[in-house]
Amino acid sequence: MGLFDKLFHGNKIEIAAPVNGEIVPIETVSDPTFSQEMVGKGVAIIPSEGKFYAPADGELVAVFPTGHAYCINTDDGAELLVHIGIDTVKLNGEFYTIHAQQGTRVKKGDLIVEVDIEGVKGAGYDIITPVIISNHAKFKGLEKVSGKAVVGEPVILLSQ
């Protein structure tokens with residue numbers, strides 16, 4: 001984090017948008033596992049394109065074989081889940097192309113999964129993408145950003 005970032009965001013940890021799109025409240029997700037924040041706190045993004053990136057530096061601890069979700073343990077200690085679509089595990093990987101290998105280190109902005117979002121929608125699935133911090137209780141605070149999601153720009157700020 002550079003001097004400008006520290007001045008602008010203080011000592012907050014930034015979790016960036018994994019995809020371009022529109023940020024919506026997590027409560028709007030149709031799956032109660034996410035909308036009721038059972039797996040953690042976060043935001044949801046309605047993607048405008050199909051490239052999903054690493055939202056922070058860390059270890060890619062899980063990439064589901066279907067490509068519909070991935071988990072990163074960030075260098076700052078956040079346990080992060082990006083879940084691309086609702087019930088999309090049922091597509092068995094159709095429309096998903098994995099570009100990163102589980103167990104490897106990733107840098108913010110590395111391409112993880114590419115998705116044919118029109119194909120997913122055409123198959124009858126919601127493409128909304130929850131971005132979740134599963135260990136949010138470890139942090140003093142969690143601030144959700146609203147508006148446009150831009151890859152590399154923060155959608156969640158964590159206070160240590």
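The values are calculated or read from the model by the stated rules, or taken from the named source; none is laboratory data. Given the structure is predicted, the values throughout are model-derived calculations rather than measurements. Note that we place each Cβ from the backbone using ideal geometry, even for glycine, and neighbour counts take in every protein chain shown.
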For this session: Give the number of residues within the stretch 103-130 that are in contact with a strand residue (DSSP E or B) (Cβ under 7 Å, 6 or more places away or on another chain), closer than 28 Å to Q36 by Cα and assigned to a loop (DSSP other than H, G, I, E, B).
Result: 3
Exercise. Checking F34 against (1) over 21 Å from K108 (Cβ atoms); (2) surrounded by fewer than 18 Cβ atoms within 10 Å (Cβ to Cβ); (3) in contact (Cβ under 8 Å) with a residue 40 or more places away in the chain, which test does it fail?
Worked result: (2)
Problem set entry | Total residues in the stretch 54-94, condition part of a loop (DSSP other than H, G, I, E, B), acidic (D, E) and under 21 Å from G152 (Cβ atoms) | 3
For this session: Show the residue pairs that are 6+ apart or on different chains and have beta-carbon atoms under 7 Å apart, the first residue being within the stretch 101-127 and over 17 Å from V19 (Cα atoms) and touching a residue at least 12 places away in the same chain (Cβ under 8 Å), the second being acidic (D, E) and part of a loop (DSSP other than H, G, I, E, B).
Result: Y125/D87
Problem set entry | Every residue from the stretch 46-73 that is over 10 Å from the mean Cα position of the chain (by Cα), more than 18 Å from G119 (Cβ to Cβ), crowded, with 21+ Cβ neighbours inside 10 Å and not small (G, A, S) | V63
For this session: State whether the residues of the stretch 15-27 include one that is in contact with a helix residue (DSSP H, G or I) (Cβ under 8 Å, 6 or more places away or on another chain) and free of Cβ contacts under 8 Å to residues at least 60 places away in the same chain.
Result: yes
Exercise. Which of the following residues is within 12 Å of the chain's Cα centre (by Cα) and not aromatic (F, W, Y): A17, A100?
Worked result: A17
For this session: Take G10 and decide whether it is modelled with pLDDT under 95, among the small types (G, A, S) and closer than 21 Å to L142 by Cα.
Result: yes
